[in-house]
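All of the numbers you see were taken from the coordinates with simple rules; none came from a lab. Being a predicted model, the structure only gives us computed values, none of them experimental. No Cβ is skipped: glycine too gets one built from the backbone with ideal geometry, and neighbour counts run over all protein chains shown.
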Amino acid sequence: MVLPSNVKDPVGRIEDKRLLTGRGVFVDDLNFPNQAYMGLVLSPFAHARIKHIDFTKASSSPDFIDSLTGEDLINGGVLPISQNPWPFQKRAKRHHLAVGKVRFAGEPVAAILVKSKSSLEDLIDLVEVEYEELPVVATKMNQGRGKPSSTMIGAITFLKPLKRRKATQKRQFQTRLSASS
């Protein structure tokens, strides 16, 4: 790491030459003996209850090593992470993999571990997840429930009015991607 002599002095980027000349090393370039690959099964729904996850077809492959669900992580003692990306947003706890229901499209539902990178996507497609779709709240006008849930992930909820430059703009801005009940 290059330290500047004065805090105001700019520090040049030291990685550019290596990357631009093709000598960069990335995680995808690493190859170790008995290396395994992890893939995530993502939810296609913005809000749904997870009824059942079936790994039977995927586990019949010789490349399949193991699988995990949100419940497996909880049973193994893995705690949810605390998320607070905005200063005016309520703190929310989020599990690494969905537990019981999904709250946004693309939320990880399950993880699988396989021996070969080439079979990873095929085995992810073989994992069957049964969902029960739930109503989606897309705007504050459609919410109809009063204040937003603190467990809502994938949302921007300002609890204090934002200062705006133009009086014509709304004093509060809220985007809800899915309901959380």
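Taking amide H atoms as placed 1.01 Å from N in the peptide plane, the amide H of residue 66 lies under 5 Å from those of 113, each 5 or more residues away in sequence or on another chain.
Once both labels are positioned 7 Å from their Cα atoms along Cα-to-Cβ, the gap between residue 79 and residue 14 label points is 3.5 nm.
Label-to-label distance, residue 21 versus residue 49, with points set 7 angstrom from Cα along the beta-carbon direction: 6.1 nm. Placing dummy labels 7 Å off each Cα toward the beta-carbon, the span from residue 59 to residue 42 is 2.6 nm. Peptides 66-77, 95-106, 12-23, 112-123 ranked from most to least packed by the mean count of surrounding Cβ atoms within 10 Å: 95-106, 112-123, 66-77, 12-23.
Segment residue 30..residue 71, full-extension length gain: 11.7 nm, with 0.36 nm per residue of separation and the alpha-carbon distance subtracted. For residue 97, no residue 5 or more places off, or on another chain, has a built amide H under 5 Å of its own.
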